[in-house]
Amino acid sequence: PAAKGAQQPGMTGQVKEDFLSRFGELGVFVSHGKLIFNPRLLRKEEFLKAPETFAYIDVQGVEKSIDLEKGSLWFTYCQIPVVYKLADEEGVRIEMSDGSFLELNELSLDEVLSKKIFDRSGEVKKIVVSVVK
């Protein structure tokens with residue numbers, strides 16, 4: 001802008017670096033159009049010690065809340081809540097907006113489902129990732 005000098009829009013380089021690093025720590029990756037969860041860098045101390053409720057804004061811009069159990073951790077990805085919970089076996093449970101569920105025995109989603117998330121179509125309501133203790 002005139003008389004204001006150079007200004008950088010959006011996040012600064014350090015904020016972007018911190019943001020991307022945290023997603024790496026959370027183990028969220030995209031490979032060949034597929035969303036992959038590999039939370040190998042998480043520490044047990046990061047999981048909740050007691051139940052809590054958190055608020056977020058969904059893909060339609062509506063404020064929602066999510067109740068979390070002890071032993072879970074959450075974040076949003078493309079405005080969809082992702083809950084990591086400690087478990088004996090790994091897997092992913094996807095709650096769709098029509099009330100149905102998809103159960104996966106692996107920590108990666110296919111390209112079709114991943115695209116629905118990336119596009120913020122509203123078809124995916126919540127993702128629960130079971131992380132081996």
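For segment 69-82, putting each phi into the Karplus relation 6.51 cos²θ - 1.76 cosθ + 1.60 with θ = phi - 60° gives couplings of 8, 4, x, 10, 8, 9, 7, 10, 9, 6, 6, 10, x, 10 Hz, in residue order, rounded to whole numbers and with x for Gly and Pro.
Which whole-number percent of Cα pairs in segment 63-133 have a distance greater than 14 Å? Above the 14 Å cut-off, segment 63-133 has 60 percent of its Cα pairs.
Rolling a 1.4 Å probe over the protein heavy atoms gives segment 65-133 an accessible area of 55 Å² per residue. Shape analysis of segment 25-104 yields a ratio of the Cα radius of gyration to the Kirkwood radius, Rg/Rh, of 0.95. Among residues other than SER97 whose Cβ falls under 15 Å from its Cβ, what is the net charge (Lys/Arg +1, Asp/Glu -1)? Counting the neighbours of SER97, the net charge comes to +1.
The values are calculated or read from the model by the stated rules, or taken from the named source; none is laboratory data. Source: prediction; values computed, not measured. Quick reminder, even Gly has a Cβ in these numbers, built from the backbone with ideal geometry, and neighbours come from all protein chains shown. SASA here: full protein model, heavy atoms, side chains in, ligands and nucleic acids out. Shrake-Rupley method; radii C 1.70, N 1.55, O 1.52, S 1.80 Å.
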